[in-house]
Number of protein chains: 2
Amino acid sequence: MFPRGARVLVALSGGADSVALLHILRELEHTGELALAGVAHVNHQLRGREADEDEAFCSAMAADVGLPFAAGRVDVAGLAQGTGRSIEDAARELRYAFFATAADELAADAIAVGHSADDQAETFLLRLMRGAGTRGLAGIRPRVGRVVRPLLELSRDEIRAYVSGRGLPFREDSTNRDVAIPRNRVRHELMPLLQQYAPALPAVLARQAAIARADEEYLEAQAIDLAATIVLRTECGIEIDAAALRTLPPALAARVARQALGATAAGRFIGFQHIERVLDLASDGKEGETVALPGQQATRRGQRVLLSKPGGEPFSNFFRFSLSIPGEVACPGWTISAEKLETPVEVSSRPARGDEVVVAAGPLLAPLAVRSRQRGDRFRPLGMGGRGRKLQDFLVDRKVARSERDRLPLVVDRDDRIVWVVGQSVAEDFRVTEPLQGVILLKARRLGGVG
Amino acid sequence: MFPRGARVLVALSGGADSVALLHILRELEHTGELALAGVAHVNHQLRGREADEDEAFCSAMAADVGLPFAAGRVDVAGLAQGTGRSIEDAARELRYAFFATAADELAADAIAVGHSADDQAETFLLRLMRGAGTRGLAGIRPRVGRVVRPLLELSRDEIRAYVSGRGLPFREDSTNRDVAIPRNRVRHELMPLLQQYAPALPAVLARQAAIARADEEYLEAQAIDLAATIVLRTECGIEIDAAALRTLPPALAARVARQALGATAAGRFIGFQHIERVLDLASDGKEGETVALPGQQATRRGQRVLLSKPGGEPFSNFFRFSLSIPGEVACPGWTISAEKLETPVEVSSRPARGDEVVVAAGPLLAPLAVRSRQRGDRFRPLGMGGRGRKLQDFLVDRKVARSERDRLPLVVDRDDRIVWVVGQSVAEDFRVTEPLQGVILLKARRLGGVG
């Protein structure tokens, strides 16, 4: 699951699953497959003294196994209140953000978290009840960016047996029993009920999730290729070729529409009802008909569906397009292409600066995307250690004109990590160290007369 | 949902759903869109006097609306005992077989049955708990062959409201409350429980099923095209090109393997565990390694996986290959192709006998398959009325040599209805009546020196 010789940061809540994870990885370390870089713990500051005790417990356990300890305190309630999101959503975002920072500081290539097959099954049911489609049922992924979930195929019972078999101490989170939290209701009420009907249900659902994931990966890859010709960026905004969309099988039409909406929704939730509105507009919308969507609107214009800001103003700055490998995408002023090099390259012959660069395929999670910068972007230029720096500061240093910054294309991976700041630098994380392991060639071509 | 001007047979159990169906279609009849051909009722003979009363009730209701009534008595317990299948499975098979016979006798083009969105949601949960994959989650299809389900998007509550609003009488099946039957347990126990968590669950699940259906249709079509080159029939049996299978995305590899197993499983259930065994054999089986599968075995031979009868004997007689439109497939001694004609044809210029025929696209349900005959095959040759006849008798009449009969290719549709007995006759059900409605051209080419 880990890149060979990876430096791994272990996320430790203090619960039995993460305690097992830490000790299993500590054992694996002896094989030389990986090295532990440290232990990270997030105090969500939601449970007062109990949370402080958890933090102390984790700190002691890290010392016990002889690893550096990184503790983060995050303001979950503040983020939830400020954004109207659920406590669970806000906690998840802040937790993973802290893990990423800690991994940078401890120079870790991977972040191991302790999700089990039971977590997978619970997620499946939660999403099923919300109506999440194949995409949602795909559930928790074994690997997303640097985050790796080594226990995802083990049941909670198996993990508990490991912990108790070794007499390892662990903490019980008192809120785990709070059935006001949807996941706990599923875990403690719904799943046991369902298991009266189907005793092996958690394993069955984990398998369903794996099947959905395989389906979704293939269908999404197909949709990305199609979107490159069906979803176009013009001076009016994002345009969808309605005639082309109508010719697609429904499974692909829905995913191409989702790609288009995702290009401008900037993180907002795109539901099936939104996709269906766009498909309806493409199939039998009247000229000028407009529907409201999250963060945008869609309007029928001739044989096109035009996406623009609510009110009709074009999306003038932000853009985001998926880039398949191999593939090519046009963004304002540039075309960007990606291809896998099958033969080993002379890395030294390919500079990291310029319009043609090579990056390591290993750490990179497909699909790639090309997007413009957004607030909060961080970047670690080639050769720089530590946790990276603000992209804004990097662009200032590199003397990129203010007027250029918003249209400068960034190549990012599925996890939205910046892979290449076009024309400036590839990221240290994607530096080619072992050319034999697989290399992606990225090329940028500036379109004549623009920018 | 119905072909324009269709003659529809209504399946009537006497329950509220089918009573609503009958009356809704009776109202629709006034629009001229369809004509009712009659009412069919199956007495499963499992509930003694109650079942007889249901039959009398349905007979009276048919008379009341002025329609012919066809009642069938089937031996569910006998079939279940003889085959080891569940009562529900056996009842379903016998029920639909009777509906098909009744439709033939009443010259009906379509058979309407009363499944609701709640039935769809229950089926989804039942299959989910069994671990049915995307294919299983696709649930009840709105249309399969002649069977049409006009109420599939209405909830049971909406249907009941229609029935009580019009003061229509209906029967309550006492076994509907028997929670020893899995479907009833889902309906009366599990679904109400789940709705405490997600009140709109039946509608959500019906939508998930529709999404799974769209995904599955596309993926299955892709797999059919791939199987044409990856799954080969040789004198040793069915062979899968293991090297080609390994290069496919997992979503397609699993479906191509399923196609291969389905070619010889002759109706047996193919589960994910079986597919995985074949994929494992293709990816890292040792030379000669053999695994047991339903009705067959798989053996690794060089870069091939060979499917044969348990014990290793080749499948000498039966074959079945999917045929996409457009597409071509090789079967022993023949190649068969299908393509959609885009321009209207002079039907009279295309004989129904010979090696090149046209059939109506409307009633035909893709994907097609080419298979050899099997016991119980029935066929209604062009121009023949009534319910068709035994294929065996037809072949005897046509003086097809006994030695030829097992290798004669039949083109069938998804519902396994015979579309074309190659070289002999197309089926009356697929006769081209309105060339403008879409026509499929089927061609057969006999391979030199064989047969």
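Just so you know, all these numbers are worked out from the coordinates, no wet-lab data involved. Nothing here was measured: the structure is a model prediction, and the numbers come from that model. Glycine also receives a Cβ, built like all others from the backbone with ideal geometry; neighbour counts cover every protein chain displayed.
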Inset, instruction - Averaged over every viewing direction, what's the projected area of the C-alpha convex hull for region B:65-216? Give it in nm², one decimal, please. - result: 10.9
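Output the relative contact order of chain A, whole-number percent, from Cα pairs under 8 angstrom with separation of 6+ residues. Could you put the intermediate results ahead of the total?
Numbers: 808 pairs, mean separation 54.8, N = 451.
Dividing the mean separation by the residue count of chain A yields 12 percent.
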Legend entry - For A:VAL144, B:VAL148, order by how many other beta-carbon atoms lie within 10 Å, fewest first: A:VAL144, B:VAL148
Legend entry - For region A:329-337, Karplus couplings with θ = phi - 60° (6.51, -1.76, 1.60), whole Hz, Gly/Pro x: 9, 9, 10, x, x, 9, 10, 10, 10
Inset, instruction - Would you please give the residues with an amide H less than 5 Å from that of B:ARG233, counting only those at least 5 places away or on a separate chain, with H modeled from the backbone geometry? - result: B:GLU239
Inset, instruction - Calculate for the protein assembly as shown the 222 nm mean residue ellipticity that helices alone would give, adding -39,500 (n - 2.57) per DSSP H run of length 4 or more and normalising by residue count, nearest 500 deg cm²/dmol. - result: -12000 deg cm²/dmol
Legend entry - Per-q log10 I(q)/I(0), region B:187-332, q = 0.14 Å⁻¹ (Debye; single scatterer per alpha-carbon; no solvent): -0.69
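If you count the DSSP beta bridges with both ends in the protein assembly as shown, what percent of them are antiparallel, to the nearest 5? Walk me through the numbers on the way to the answer.
Numbers: 104 of 136 bridges.
Of those bridges, close to 75 percent are antiparallel.
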Inset, instruction - Restricting things to alpha carbons, tell me how big region A:1-150 is in terms of Rg and Dmax, in Å. - result: 15.8, 46
Inset, instruction - Along each of the three principal axes of the Cα atoms of region A:126-231, give the extent in whole Å, ordering the values from largest to smallest. - result: 57, 30, 25
Inset, instruction - Pop out the ³J(HN,Hα) list for region B:414-421 in order, Karplus 6.51 cos²θ - 1.76 cosθ + 1.60 with θ = phi - 60°, rounded to Hz; leave Gly and Pro as x. - result: 4, 8, 6, 7, 5, 9, 8, 8
Legend entry - Residue-wise HN-Hα coupling along region A:401-412, computed from phi with Karplus coefficients 6.51, -1.76, 1.60 (Hz; x: Gly, Pro): 4, 3, 5, 8, 4, 6, 10, 6, x, 10, 9, 10
Inset, instruction - Starting from one equal scatterer on each C-alpha and no solvent at all, send me the Debye-based log10 I(q)/I(0) for chain A at q = 0.06, 0.07, 0.08 Å⁻¹, two decimals. - result: -0.29, -0.40, -0.52
Legend entry - Shielding by partners, peptide A:248-256 (average Cβ within 10 angstrom, other chains): 4
Inset, instruction - Among DSSP beta bridges whose residues both lie in chain A, state the antiparallel percentage, nearest 5. - result: 75
Inset, instruction - Count the DSSP beta bridges whose two residues both fall in region A:8-107, then state the antiparallel fraction as a percent rounded to the nearest 5. - result: 0
Legend entry - Calculated P(r) of region A:31-120 - Cα pairs past 22 Å, %: 35
Legend entry - For region A:74-162: span of alpha carbons on each principal axis (Å, largest first): 35, 33, 25
Inset, instruction - Give the span of the protein assembly as shown's Cα atoms along each principal axis, as three whole-Å numbers ordered largest to smallest. - result: 87, 65, 59
Inset, instruction - Report P(r) for region B:375-446: all Cα-Cα distances, bin width 5 Å, range 0 to the bin holding the largest distance, values in whole percent. - result: 3, 14, 27, 27, 18, 8, 3, 1
Legend entry - Tilt relative to chain B, helix B:156-165 - C-alpha long axis, 0 to 90 degrees, to 10: 40
Legend entry - Nearest-ten-degree value, helix A:117-130 long axis tilted from longest Cα axis of chain A: 50
Inset, instruction - Would you mind checking which residues have amide H under 5 Å from B:SER155's amide H? H placed 1.01 Å from N; only 5 or more apart, or other chain. - result: B:ALA117
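Within chain A, which is the longest segment containing none of the GluC sites (Glu not before Pro) that sit in a DSSP loop and have at most 12 other Cβ atoms within 10 Å? Write down the numbers at each step before the final one.
Values: sites that count: A:GLU172, A:GLU235, A:GLU287, A:GLU342, A:GLU346.
Answer - A:1-171.
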Legend entry - Under-5 Å amide H pairs with A:ALA40, H placed in peptide plane, nonlocal only: A:VAL10, A:ALA11, A:LEU12, A:ALA70
Legend entry - Cα Rg over Rh - region A:118-170, Kirkwood: 1.10
Inset, instruction - Restricting things to alpha carbons, tell me how big region B:246-332 is in terms of Rg and Dmax, in Å. - result: 12.9, 37
